[in-house]
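Asker: Sharing a structure with you now.
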Amino acid sequence: MTDQDIKEHMGLGKADVQDTIDMSAQLPEAPASVTYTIETGTGFNCLFTVREMSGLALLNKMPAIESKFAELGIKPQVKRSFGGPKPAPKVVEGRKCSKCDADVVEGRTKAGKVFHKCSTQKYDFATKQTSGCDWIDWEP
């Protein structure tokens, strides 16, 4: 789909687009803004930015925006930043570690390869050492 197709679909002519560009060039930059990273009801991720002339006005507007998102079924996109909590490992049902009889959990390498390992196995990033059972299965 080209830009022209989108403009036609939205009912925008060349003059409408130019008028919008001209109007936005005349507006001052808003000193306060908040950007929501959201997931639409159909699964698309997008950014939604709201700008105001003051932080207080923006803070007053945010609860109404967030309740409207909830009403429309729009969810926040869940992001995990560096250092944030990791999701709980997926326990493999019906399988136990062959060395210590503990639960087996599923893992994934950075390259995306799936493996199974003993749930007691831990890695200490400070000392760069593993602890617990060392059982791992690269061909689950």
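Asker: Using θ = phi - 60° and the Karplus relation 6.51 cos²θ - 1.76 cosθ + 1.60, list the HN-Hα couplings for segment 113-129 in order, rounded to whole Hz, with x at every Gly or Pro.
Answerer: 6, 8, 9, 10, 9, 5, 5, 7, 6, 10, 10, 9, 5, 5, 9, 6, 10
Asker: Something else: Of the listed pairs K68/K110; K75/K117; K79/K99; K79/K128; K75/K128; K68/K90, which have alpha-carbon separations greater than 28 Å here? Before the final figure, lay out the partial values.
Answerer: Numbers: K68/K110 37 Å; K75/K117 33 Å; K79/K99 36 Å; K79/K128 26 Å; K75/K128 37 Å; K68/K90 34 Å.
Beyond 28 Å: K68/K110; K75/K117; K79/K99; K75/K128; K68/K90.
Asker: Also, I was wondering about something else. Starting from the Cα of T127, step 7 Å along the direction of its Cβ; do the same at V78; then give the gap between the two resulting points in nm.
Answerer: Distance between label points: 3.2 nm.
Asker: Need the full-extension length gain, W138 to A102, defined as separation in residues times 0.36 nm minus the C-alpha distance. One decimal, nm.
Answerer: Working: separation 36, 0.36 × 36 = 12.96 nm, distance 1.75 nm.
Taking 0.36 nm per residue and subtracting the Cα distance, the gain is 11.2 nm.
Asker: Okay, moving on. So how much slack lies between F69 and A32, counting 0.36 nm per residue of separation and subtracting their Cα-Cα distance, in nm? Before the final figure, lay out the partial values.
Answerer: Numbers: separation 37, 0.36 × 37 = 13.32 nm, distance 2.03 nm.
Length difference between fully extended and current span is 11.3 nm.
Asker: Give the calculated FRET efficiency between L59 and A88 to the nearest 0.05, with a Förster radius of 35 Å applied to their Cβ-Cβ distance. Don't skip to the answer; put the middle values down first.
Answerer: On the way: r = 34 Å, r/R0 = 0.97.
So, using R0 = 35 Å, E works out to roughly 0.55.
Asker: Also, I was wondering about something else. Just rank F125, F115, fewest to most, by other beta-carbon atoms within 10 angstrom.
Answerer: Numbers: F125 6, F115 14.
Least to most surrounded, the residues fall as F125, F115.
No lab work stands behind these numbers, since they all come straight from the coordinates. As the structure is a computational prediction, the values presented were derived from the model and not from experiment. Please note: Cβ atoms are built from the backbone with ideal geometry, for glycine as well, and neighbour counts cover all protein chains shown.
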